[in-house]
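Readers should treat all values here as calculations from the given coordinates under stated rules, not as data from a laboratory. This structure is a prediction, so every number in the text was calculated from the model and none was measured. Every residue, glycine among them, receives a Cβ derived from its backbone with ideal geometry; neighbour counts consider all protein chains shown.
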Amino acid sequence: MPFQQGSARTRQRTVLLVGIVVLLAALVLAVVLASVLTHGKREASPKMLKWKDRGTTKNLQEVILGRCYNYVMARYPELGDKDCLKIWESLKHAFIYKDPCNITSEDYQPLMELASHPIPCNKSLFWSKTRDLAHRYTKSNQNFLTLEDTLLGYMADRVSWCGDPSAPGINYESCPKRSECESNPSSVFWKTASKMFAEAACGVVQVILNGSTEAGAFRNS
């Protein structure tokens with residue numbers, strides 16, 4: 001009887017050990033498979049599109065919000081009712097995860113509506129190929145405003161952005177030039193903002209052009 005009981009205990013221990021070994025092997029196999037599948041997904045994820053112009057400005061959200069708050073709280077406190085967070089969200093949704101060569105003016109309409117504000121009559125100044133001169137003029141003469149002196153232009157001046165269909169939806173490496181595609185985020189933004197600025201102008205407007213350039217003052221002149 002003692003011998004039979006000892007044999008039974010030995011068999012139980014053996015079965016238990018085999019069960020533990022099988023369980024450990026199954027866990028190791030599951031971990032290996034998960035690692036292989038995850039690695040495969042990462043390799044299969046699409047790469048960011050590559051373009052010739054500079055990519056999205058680093059810390060774009062902080063830059064836009066900082067400029068917005070500075071404009072409506074320090075420079076023009078009468079515009080304090082502007083919601084800078086909503087303005088940023090509308091800008092982001094205009095391009096994030098989108099093909100950077102397929103942006104439309106409709107994408108920017110929510111932004112235009114949120115950031116627009118009245119332009120005093122007789123103060124609008126338009127420029128073409130005279131950027132530095134026009135801005136030096138308005139800086140020294142507060143009687144005139146260029147597009148870059150409005151909230152929209154102030155936030156976007158010398159800032160770049162574009163999206164990409166792949167994660168994270170924003171391309172910080174490169175963005176398309178106008179020569180690569182006209183419907184890029186920057187070109188469409190400035191075209192839409194310029195149209196709104198022109199439509200808001202009233203009274204006498206000022207224009208600064210560069211008539212000495214070989215190509216003429218306007219792109220199609």
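So the values come out like this:
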quantity: Checklist (1) out of contact with any helix residue (DSSP H, G or I) (no Cβ under 6 Å at 6 or more places or on another chain); (2) under 23 Å from GLU199 (Cβ atoms); (3) aromatic (Phe, Trp, Tyr) applied to TYR97, failing item; calculated: (2)
quantity: Filter result (in contact with a Pro (Cβ under 6 Å, 6 or more places away or on another chain) and surrounded by fewer than 16 Cβ atoms within 10 Å (Cβ to Cβ)) within the range 171-216; calculated: none
quantity: Output for the range 141-176, where each listed residue is part of a loop (DSSP other than H, G, I, E, B) and of a type in the set (A, V, I, L, M, F, W, C); calculated: PHE144, VAL159, TRP161, CYS162, ALA167
quantity: Options THR56, THR138; residue that is assigned to a loop (DSSP other than H, G, I, E, B), hydroxyl-bearing (Ser, Thr, Tyr) and crowded, with 16+ Cβ neighbours inside 10 Å; calculated: THR56
quantity: Qualifying residues in the range 59-112 (those that are of a type in the set (A, V, I, L, M, F, W, C) and under 11 Å from PRO185 (Cα atoms)) - the one surrounded by the fewest Cβ atoms within 10 Å (Cβ to Cβ); calculated: CYS101
quantity: Selection from the range 180-204 of residues that are outside any helix (DSSP H, G or I) and either of a type in the set (Val, Ile, Thr) or touching a residue at least 40 places away in the same chain (Cβ under 8 Å) (or both); calculated: GLU180, CYS181, SER183, ASN184, ALA201, CYS202, GLY203, VAL204
quantity: Exclusive hit being outside any helix (DSSP H, G or I), among the charged types (D, E, K, R) and over 30 Å from ASN210 (Cβ atoms), set ASP81, ASP107; calculated: ASP81
quantity: Residue pairs meeting the criteria (Cβ under 6 Å; at least 6 apart or on separate chains; first at positive phi, in the range 83-104; second surrounded by 15 or more Cβ atoms within 10 Å (Cβ to Cβ) and not acidic (Asp, Glu)); calculated: TYR97/GLY163
quantity: Filter pass, MET155 being touching a residue at least 60 places away in the same chain (Cβ under 8 Å), closer than 18 Å to VAL188 by Cβ and in contact with a Lys or Arg (Cβ under 6 Å, 6 or more places away or on another chain); calculated: yes
